[in-house]
Amino acid sequence: MGKVKIKRKSTLIDMTAMSDVTVLLLTFFMLTSTFLQKEPVTVLTPSSVSEIKVPVTNTTTVLISPEGKVFLSVSGDADSTYSSEKVRAELIQTAVAEYNKTHSKQVQLTKEQVNKFSKMNMFGVRIADLPAFLDLPQTKQDEVLSDMENPSTGIPIDENKDLNKPNEFQIWMRAIYNSSNPNLESSIKSGEGIAIKADKDTPYTTVHNVLDNLQTLKMNKFSLMTALKTEND
């Protein structure tokens with residue numbers, strides 16, 4: 001008696017459904033994830049056991065490089081009413097107007113320059129140099145911000161106590177506080193709206209100046225950004 005031959009079945013698997021699921025998952029993670037923003041300098045924060053996260057909206061980050069250069073980053077709401085771009089566009093115009101009150105050399109900005117500034121995540125040049133800086137292409141702007149030897153790089157700061165003649169760091173922080181975005185103001189009052197990020201090798205004098213300036217402005221609540229401690233620390 002002959003053997004019964006079993007009919008071979010096709011091993012082809014339709015992956016269409018799996019591909020659709022993969023694309024949907026990628027789309028979901030892209031829309032819900034918070035991407036790391038580009039910073040002009042790498043800062044290695046000290047470690048701690050705190051697990052409190054700094055908010056990603058309505059927040060001002062003060063970045064202090066190992067060389068003692070100060071940079072600022074400002075974010076608004078997630079919606080379009082007080083979006084980050086609208087907050088920054090208002091911020092630069094308020095800061096420049098305040099600067100012009102106490103300086104004979106006036107700074108004038110075009111709409112295009114204001115629009116460019118509104119798209120910047122982090123900034124840090126002297127206000128007098130803003131027009132020339134904003135006219136540069138993106139790659140050149142990155143070079144200026146990352147050049148720690150450039151005297152124009154970094155927001156000028158000192159131990160000034162006279163708010164009738166504020167330094168540039170105080171001008172920026174007052175402009176941020178007086179933003180038309182009520183959520184930004186309330187977050188600063190609650191202490192969640194200002195985060196200080198400094199390198200472990202940052203000069204103490206610069207950190208002290210930042211803290212002293214904030215206290216002079218009556219901004220006594222802020223967060224210090226740290227890295228989570230590991231078992232090896």
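Values as computed for the structure displayed
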quantity: Contacts under 8 angstrom Cβ, first residue in region 205-216 being within 13 Å of LYS161 (Cβ to Cβ) and touching a residue at least 40 places away in the same chain (Cβ under 8 Å), partner part of a helix (DSSP H, G or I) and among the β-branched types (Val, Ile, Thr), 6 or more apart; calculated: none
quantity: Matching residues, region 183-208, being part of a helix (DSSP H, G or I) and either under 20 Å from VAL70 (Cα atoms) or not aliphatic (A, V, I, L, M) (or both); calculated: ASN183, GLU185, SER186, SER187, ILE188, LYS189, SER190, TYR204, THR205, THR206, VAL207, HIS208
quantity: Number of the condition not met by LEU163 [criteria: (1) out of contact with any Ser or Thr (no Cβ under 6 Å at 6 or more places or on another chain); (2) more than 19 Å from ASN213 (Cβ to Cβ)]; calculated: (2)
quantity: Residue count, region 76-118 (criterion: of a type in the set (Val, Ile, Thr) and assigned to a loop (DSSP other than H, G, I, E, B)); calculated: 4
quantity: Any hit, region 114-122, residues being in contact (Cβ under 8 Å) with a residue 60 or more places away in the chain and under 20 Å from LEU63 (Cα atoms); calculated: yes
quantity: Every residue from region 129-145 that is of a type outside the set (A, V, I, L, M, F, W, C) and in a helix (DSSP H, G or I); calculated: ASP129, PRO131, GLN138, THR139, LYS140, GLN141, ASP142, GLU143
quantity: Failed item, numbered, when ARG174 is tested on (1) in contact (Cβ under 8 Å) with a residue 60 or more places away in the chain; (2) touching a strand residue (DSSP E or B) at 6+ places or on another chain (Cβ under 8 Å); (3) outside any loop (DSSP other than H, G, I, E, B); calculated: (2)
quantity: Residue list for region 98-112, restricted to those being surrounded by fewer than 18 Cβ atoms within 10 Å (Cβ to Cβ) and not aliphatic (A, V, I, L, M); calculated: ASN100, LYS101, THR102, HIS103, SER104, LYS105, GLN106, GLN108, THR110, LYS111, GLU112
quantity: Verdict on ALA132 being within 20 Å of the chain's Cα centre (by Cα) and surrounded by fewer than 14 Cβ atoms within 10 Å (Cβ to Cβ); calculated: no
quantity: Members of region 62-113 found to be among the basic types (Lys, Arg), closer than 18 Å to GLY124 by Cβ and over 13 Å from the mean Cα position of the chain (by Cα), listed by number; calculated: LYS69
quantity: Selected residue (only one of ASN164, ASN150 is under 30 Å from LYS189 (Cβ atoms) and not in a helix (DSSP H, G or I)); calculated: ASN164
quantity: Flag if LYS229 is more than 23 Å from SER75 (Cα to Cα), of a type in the set (D, E, K, R) and modelled with pLDDT of 90 or more; calculated: no
quantity: Yes/no for PRO55 being closer than 27 Å to ASP147 by Cβ and either modelled with pLDDT of 75 or more or assigned to a loop (DSSP other than H, G, I, E, B) (or both); calculated: no
quantity: Answer residue from region 187-204, given it is touching a residue at least 40 places away in the same chain (Cβ under 8 Å) and under 30 Å from THR81 (Cα atoms) and is surrounded by the most Cβ atoms within 10 Å (Cβ to Cβ) among those; calculated: GLY193
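Matching residues to (1) modelled with pLDDT of 65 or more; (2) surrounded by 10 or more Cβ atoms within 10 Å (Cβ to Cβ); (3) within 26 Å of ASN150 (Cα to Cα); (4) of a type in the set (Asp, Glu):
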position	(1), (2), (3), (4)
THR22	yes, yes, no, no
PHE28	yes, yes, no, no
THR34	no, no, no, no
VAL41	no, yes, yes, no
VAL70	yes, yes, yes, no
SER73	yes, yes, yes, no
TYR82	yes, yes, no, no
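The values are calculated or read from the model by the stated rules, or taken from the named source; none is laboratory data. Because the structure is predicted, anything quoted here is derived from the model rather than measured. Backbone-built Cβ (ideal geometry, glycine too); neighbour counts: all protein chains shown.
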